[in-house]
Amino acid sequence: MRVERAGDVVRQVGTADDWNGVVWSAPDLDPVQADAAIAAQVAHYTALGHDAFAWKLYAHDRPADLAERLLAAGFEAEEPETLLVAPVDGLSTTVDLPEGIRLRTMRDADDVLHPGSGLAGLWGGGKVPAWRGKGIYRALAAHRARIAAERGYRYLQVDASDQSRPVLQRLGFLALSTTTPYEYRPSR
């Protein structure tokens, strides 16, 4: 996968099986630029043959009617998430795992962190429903916080579901904004 700047957006591009989408749009996007950016991304991902891609819309994104513009272009709103951030040095990095569970570090961390920004992202993480309530997600977040601290990152950022948000807030994360993934699926 790669992350690239394309005009007024930053997008993540991978194979059709990867998560693909717009992760940032210019803060001064006006209505004409927004429509052009949306059309350009639809054309780009469609040309790649991707069945779907997302546009991460943050509550502070402009223009104010960007959500309506995405819907008019064929996107569908998913469940909102909360953008949380925490200083790494204030987070617990103690990891207590249930019997039979282990955490592994990804082999190429540069592909999932933000080098040079002081900000590391917690992307992905889930568990089998039978393992909920056993502290595994908290342990995973603490494990990732320790790795971020070891690598010199100052802050951790995560777009959290309603299920993850309370766990992360108990660890010291603060809500800054919300984000709603808008999914484009041309095959529907």
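The values are calculated or read from the model by the stated rules, or taken from the named source; none is laboratory data. Fair warning: this is a prediction, and the values are worked out from it, not measured in the lab. FYI the Cβ positions are ideal-geometry reconstructions off the backbone, even for glycines, and counts take in every protein chain you see. Keep in mind that these areas ignore ligands, DNA and RNA; they rest on the heavy atoms of the full protein, side chains included. Shrake-Rupley method; radii C 1.70, N 1.55, O 1.52, S 1.80 Å.
For residues that are closer than 9 Å to Y184 by Cα and either part of a helix (DSSP H, G or I) or under 18 Å from the mean Cα position of the chain (by Cα) (or both), tally how many sit in the stretch 45-69.
Residues meeting the conditions: 4.
Determine whether A59 is farther than 17 Å from E183 by Cβ, in contact with a Leu (Cβ under 9 Å, 6 or more places away or on another chain) and either modelled with pLDDT under 95 or surrounded by fewer than 17 Cβ atoms within 10 Å (Cβ to Cβ) (or both). Criteria met by A59. Checking each residue in the stretch 1-19 for being touching a strand residue (DSSP E or B) at 6+ places or on another chain (Cβ under 7 Å), assigned to a strand (DSSP E or B) and open to solvent by 50 Å² or more (accessible area, probe 1.4 Å) picks out R2, V3.
Residue-wise test of (1) modelled with pLDDT under 85; (2) within 22 Å of W55 (Cβ to Cβ); (3) open to solvent by less than 30 Å² (accessible area, probe 1.4 Å).
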{"site": "L122", "(1), (2), (3)": "yes, yes, yes"}
{"site": "W131", "(1), (2), (3)": "yes, no, no"}
{"site": "A141", "(1), (2), (3)": "no, no, yes"}
{"site": "R144", "(1), (2), (3)": "no, no, no"}
{"site": "Y155", "(1), (2), (3)": "no, no, no"}
{"site": "D159", "(1), (2), (3)": "no, yes, yes"}
{"site": "R165", "(1), (2), (3)": "no, yes, no"}
{"site": "R170", "(1), (2), (3)": "no, no, no"}
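Note on the stretch 21-44: among residues that are open to solvent by 30 Å² or more (accessible area, probe 1.4 Å) and part of a loop (DSSP other than H, G, I, E, B), the one that is modelled with the highest pLDDT is D30.
Residues considered: L29, L48, L57, L84. Of these, the only one that is over 20 Å from L113 (Cβ atoms), of a type outside the set (K, R) and either in contact (Cβ under 8 Å) with a residue 40 or more places away in the chain or touching a helix residue (DSSP H, G or I) at 6+ places or on another chain (Cβ under 6 Å) (or both) is L57. Among the criteria (1) touching a Lys or Arg at 6+ places or on another chain (Cβ under 6 Å); (2) surrounded by 13 or more Cβ atoms within 10 Å (Cβ to Cβ), the one P98 does not fulfil is (2).
Somewhere in the stretch 84-103, is a residue within 16 Å of Y182 (Cβ to Cβ) and modelled with pLDDT of 90 or more?
Kept after step one, since they are within 16 Å of Y182 (Cβ to Cβ), are these residues of the stretch 84-103: none.
No, the stretch 84-103 contains no residue that is within 16 Å of Y182 (Cβ to Cβ) and modelled with pLDDT of 90 or more.
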